[in-house]
Amino acid sequence: MHLDVLDLRNFYYRSALGRAAQKVIRDQLVEWWPVSHVQGQTVVGYGFAVPLLRPYLPDARRVIGLMPGPQGVMPWPAGQPNVSVLCEETLWPLRTGQADRLVLMHGLETSEHAGALLEECWRSLGPGGRAVFVVPNRAGLWSRSDATPFGYGRPYSLGQLEAQLRRHRFVTERAISALYRPPSLRRGWRRSAAFLERAGRHMQILNAGGVLMIEASKQVTAPSRPGLTSAVKRPLRVLEGIGAPVPEPSRRR
């Protein structure tokens, strides 16, 4: 079940907790994908990934925010030409291989057709393209709270998400757990948020952050050539010794 776009907008842009979550996840994404690395590329976000895409607006060739029909769409970015598009969940208005970078947030865990959605991700990415999937962490506190969007849909463990991506021909490049502060507005947790995030990154073995972030790549194997897979190094000699055919003698008497 997809969340309503108005609820997502209010959380990420109009609440202190949402703005804090947005910053933590966006900072991690930019650490993986520095702005200089996406210069001249097409960056696509699906679900409600637009809060993460703003740093790429000036330098990317194109930024596209895809929002599924059951969720609804809102214009984005504010004060600039709109780049957000309402689309079918498994039928995106993109050419095959058009996207160089793809970010999914609040898209995979709420989808009723996760397999078909991942196939659409695969189709839209170019060869060697990269995707980042942001999903609720089953071991974290955020997936247990209805006060945040990460409390809806299917939470994942790291092994579950990696296996699902592998089934759809994605290769995991790296993974991290983020958003270690509890989903609370109490002043003490707000003050300690930066410390908890730094401490959590040094204790990744716990994987107890509120979200899992996985970067995966689309690896395309070379097509197999028809015929023999390797050249025959030595010619066959089974017919050696057989001379030219001798004409049949005349049957005249």
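Among Val73, Val50, the order of accessible area from largest down is Val73, Val50, computed with a 1.4 Å probe on protein heavy atoms.
Suppose accessible area is computed on protein heavy atoms with a 1.4 Å probe; arrange Lys218, Lys23 from highest to lowest.
If we order Lys218, Lys23 from most to least accessible, we get Lys23, Lys218.
Take each peptide in 34-45, 59-70, 164-175, 99-110, count the other Cβ atoms within 10 Å of every residue, and average; sorted highest first, the result is 99-110, 59-70, 34-45, 164-175. Using a probe of 1.4 Å on the protein chains alone, the accessible area found for Phe11 is around 20 Å². Computed in the context of the full set of protein chains, the accessible area of segment 1-40 at 1.4 Å probe radius has 52% of its extent on carbon or sulfur.
The values are calculated or read from the model by the stated rules, or taken from the named source; none is laboratory data. Quantities reported herein were computed from a predicted structural model and do not represent experimental measurements. All Cβ positions, even for glycine, are placed from backbone atoms using ideal geometry, and neighbour counts span all protein chains on display. In case anyone asks, the SASA skips ligands and DNA or RNA and just uses the protein heavy atoms, side chains included. Shrake-Rupley method; radii C 1.70, N 1.55, O 1.52, S 1.80 Å.
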